[in-house]
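Notes to accompany the following structure.
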Amino acid sequence: MKHVKRIALTTTAVAVAAAATLLGTTAVQASSAKPAALPAVHAPAALAVPDGNKLTGVYSAHGVQTYTCTDGAWKLLEPAATLSDKRDRAHRPVALHSRGPVWVSTVDGSAVNASALVTSPKEGTIPELLLKATATRGAGTFEGVTYVQRLNTEGGVAPAAACTGTDQVSVPYSATYAFYKATV
């Protein structure tokens with residue numbers, strides 16, 4: 001049953017990505033005349049991006065944090081979220097976020113992998129993070145990304161109860177992801 005749910009989630013994600021790619025091309029063509037200014041990003045001092053990097057994208061994310069039972073405790077398996085541009089009133093998907101962590105643009109296929117540098121705990125929700133890019137590929141949205149911030153987190157916390165076997169659970173979460181590129 002767990003595998004059926006995962007396949008259903010994966011199939012849904014692929015369908016969303018395909019639809020977003022078709023819609024995204026039209027959206028990019030329609031909005032390429034003059035993009036609106038990026039929304040302000042408010043991060044704790046501990047999650048500040050080093051000087052020499054410029055904010056290039058701010059996206060709202062909605063998805064799940066999936067946990068698996070390991071030795072009687074819940075351990076993070078993977079995130080699965082859809083990101084949309086905060087400036088787009090239609091909230092069309094622009095990227096998918098998954099295990100790695102990795103973010104893949106549904107508009108142009110570019111991608112960025114990253115690893116957490118700093119964790120900033122928040123009461124009752126998953127922590128906010130500063131991540132450093134470990135690899136990028138493709139031209140476009142995520143080309144040359146150097147840092148990623150996960151901010152404004154809500155939900156996504158692993159269940160407090162003990163677990164057994166190889167159970168899995170997906171917990172809804174939302175966050176804001178801010179992407180930076182070197183100014184050089």
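The values are calculated or read from the model by the stated rules, or taken from the named source; none is laboratory data. Worth saying up front: this structure is predicted, and the values here are computed from it rather than measured. Backbone-built Cβ (ideal geometry, glycine too); neighbour counts: all protein chains shown. Protein only, heavy atoms only, side chains kept; ligands, DNA and RNA dropped before computing areas. Shrake-Rupley method; radii C 1.70, N 1.55, O 1.52, S 1.80 Å.
So, Ala116, is that one more than 22 Å from Ala37 (Cα to Cα), exposed (fewer than 15 other Cβ atoms within 10 Å of the Cβ) and without any contact (Cβ under 8 Å) to a residue 60 or more places away in the chain or not?
yes
Within the stretch 63-119, which residues are over 15 Å from Val145 (Cβ atoms) and among the hydroxyl-bearing types (Ser, Thr, Tyr)?
Selection gives Thr66, Tyr67, Thr68, Thr70, Thr82, Ser84, Ser98, Thr106, Thr119.
Can you find, within the stretch 160-184, the residue that is nearest to Ser60 (Cα to Cα) among those that are surrounded by fewer than 19 Cβ atoms within 10 Å (Cβ to Cβ), aliphatic (A, V, I, L, M) and out of contact with any Cys (no Cβ under 9 Å at 6 or more places or on another chain)?
Restricting to residues being surrounded by fewer than 19 Cβ atoms within 10 Å (Cβ to Cβ), aliphatic (A, V, I, L, M) and out of contact with any Cys (no Cβ under 9 Å at 6 or more places or on another chain), the top hit is Val171.
Just one of (1) touching a Gly at 6+ places or on another chain (Cβ under 7 Å); (2) part of a loop (DSSP other than H, G, I, E, B) trips up Arg87, so point out which.
Evaluating Arg87 over (1) touching a Gly at 6+ places or on another chain (Cβ under 7 Å); (2) part of a loop (DSSP other than H, G, I, E, B) leaves (1) as the failure.
For the stretch 57-68, state whether one or more residues are open to solvent by 60 Å² or more (accessible area, probe 1.4 Å), more than 18 Å from Val171 (Cα to Cα) and in contact (Cβ under 8 Å) with a residue 24 or more places away in the chain.
Within the stretch 57-68, the subset open to solvent by 60 Å² or more (accessible area, probe 1.4 Å) is 62.
If we keep only those that are more than 18 Å from Val171 (Cα to Cα) too, we end up with none.
No.
List the pairs whose first member sits in the stretch 161-176 and is modelled with pLDDT under 95, whose second member is among the hydroxyl-bearing types (Ser, Thr, Tyr) and open to solvent by 40 Å² or more (accessible area, probe 1.4 Å), and whose Cβ atoms are under 9 Å apart, counting only residues at least 6 apart or on separate chains?
Once the first residue is modelled with pLDDT under 95 and sits in the stretch 161-176, its partners that are among the hydroxyl-bearing types (Ser, Thr, Tyr) and open to solvent by 40 Å² or more (accessible area, probe 1.4 Å) give Cys163/Thr70; Thr166/Thr70.
Quickly run through the stretch 79-103 and pick out the residues that are touching a residue at least 60 places away in the same chain (Cβ under 8 Å) and within 13 Å of Gly57 (Cα to Cα).
Leu83, Lys86, Asp88, Val94, Trp103
Considering only the stretch 47-79, how many residues are assigned to a strand (DSSP E or B) and modelled with pLDDT under 95?
Adding up the residues that qualify gives 2.
Regarding Trp103, is this residue within 29 Å of Gln168 (Cα to Cα), open to solvent by less than 40 Å² (accessible area, probe 1.4 Å) and not aliphatic (A, V, I, L, M)?
When the stated conditions are applied, Trp103 passes them.
Quick one: how many residues across the stretch 128-159 are closer than 15 Å to Leu83 by Cα and either out of contact with any Asp or Glu (no Cβ under 9 Å at 6 or more places or on another chain) or open to solvent by less than 30 Å² (accessible area, probe 1.4 Å) (or both)?
Counting residues in the stretch 128-159 that are closer than 15 Å to Leu83 by Cα and either out of contact with any Asp or Glu (no Cβ under 9 Å at 6 or more places or on another chain) or open to solvent by less than 30 Å² (accessible area, probe 1.4 Å) (or both) gives 7.
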